[in-house]
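First comes the structure, then the notes that go with it.
What follows is calculated from the coordinates using simple rules that are stated; it is not laboratory data. Model, not experiment: these values are computed from the prediction. Glycine also receives a Cβ, built like all others from the backbone with ideal geometry; neighbour counts cover every protein chain displayed.
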Amino acid sequence: MRRPWFIILTLALVFLSIRSVCNAQKAKRVGSSRAPAVYVEQGACPFECCTYCEWWASNSTPIYAGPSSKSAQIQMLRKGEHVKALTGFVRTQAQEFVVTSDHGRYRVGAKLWVYSYHGEGHFLVWFAGKMYDEDLNFSPYGGSTGKRCEEGSDCWGHLTAEHKSDWWIKLRLRNGRIGWTNRGSDYANTDSCGG
């Protein structure tokens, strides 16, 4: 009768050892000092004064079942229809920002990886193994094709390629149904909720 318990105990110990090794390898990957190629920032609202609240369509715009344009289209909002913007996320491909003049902790030639835009020149960036908010002094929505700050301003670096992000917004429609859109520019009241 002792043999079955011995086999079960041995198998349990082997399983726990393998699991421990896998968890250690996973922790090493997550704690890596490498910048992610793509980063999803949950809850992000990517421009000055951007707020999730009651919005209305300023153009006819499609609503999808999920956060993908490949999802089923569940409704076409007409201009003027109201929705409740609940939350959203911004998915950004990392873009390299090269420092061209010393600025605070950064020296000429240093490289930052740029992600979500937070408004007023601020972006989520990765530098020296950490992610944080940094003022890069430009907006991806205007100026020099969204790659660098304007001439004559306090420029201290530039992107090596245009900023690329995808913003998906979760909405509650008037009928109570939940839907998604990636066309935030098709809505009004996105930056003045309650104010």
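For Cα pairs less than 8 Å apart in space and 6+ apart in sequence, what is the mean separation divided by the residue count of region 38-188, i.e. the relative contact order in percent? Present the calculation step by step, with values, prior to reporting the outcome.
Numbers: 364 pairs, mean separation 41.9, N = 151.
Across region 38-188, relative contact order equals 28 percent.
Can you work out the Karplus-derived ³J(HN,Hα) for every residue in region 88-95? Use 6.51 cos²θ - 1.76 cosθ + 1.60 with θ = phi - 60°, whole Hz, and x for glycine or proline.
Karplus-based 3J(HN,Hα) across region 88-95 equals x, 8, 10, 9, 10, 7, 4, 10 Hz.
Let me check I've understood the local charge: for Ala85, count other residues with C-beta under 15 angstrom from its C-beta, Lys and Arg +1, Asp and Glu -1. What total comes out?
Numbers: positive: Lys84, Lys170, Arg172, Arg174, Arg177, Arg183; negative: Glu54, Glu81, Asp186, Asp191.
Local net charge: +2.
How much length is gained on full extension from Glu96 to Asp135, taking 0.36 nm per residue of separation minus their Cα-Cα distance? Could you put the intermediate results ahead of the total?
Working: separation 39, 0.36 × 39 = 14.04 nm, distance 1.48 nm.
Additional length available on full extension: 12.6 nm.
Excluding residues on the same chain fewer than 8 positions from Lys79, give the aspartates and glutamates whose Cα lies under 12 Å from its Cα.
Candidates past the 8-residue exclusion: Asp186.
Provide the per-residue ³J(HN,Hα) series for region 168-175, in order, calculated from phi with Karplus coefficients 6.51, -1.76, 1.60 and θ = phi - 60°, each as a whole number of Hz, with x at glycine and proline positions.
Residue by residue, region 168-175 yields 10, 10, 8, 10, 9, 7, 4, 7 Hz.
What is the packing order of peptides 179-186, 60-67, taking the mean over residues of other C-beta atoms within 10 Å and listing the highest first? Could you put the intermediate results ahead of the total?
Numbers: 179-186: 18.4, 60-67: 16.9.
Ranking, from highest mean packing down: 179-186, 60-67.
How much length, in nm to one decimal, is gained on full extension between Asp166 and Trp56, taken as 0.36 nm per residue of separation minus their Cα-Cα distance? Don't jump to the answer; show the numbers that get you there.
Values: separation 110, 0.36 × 110 = 39.60 nm, distance 2.05 nm.
Full-extension gain reported as 37.6 nm.
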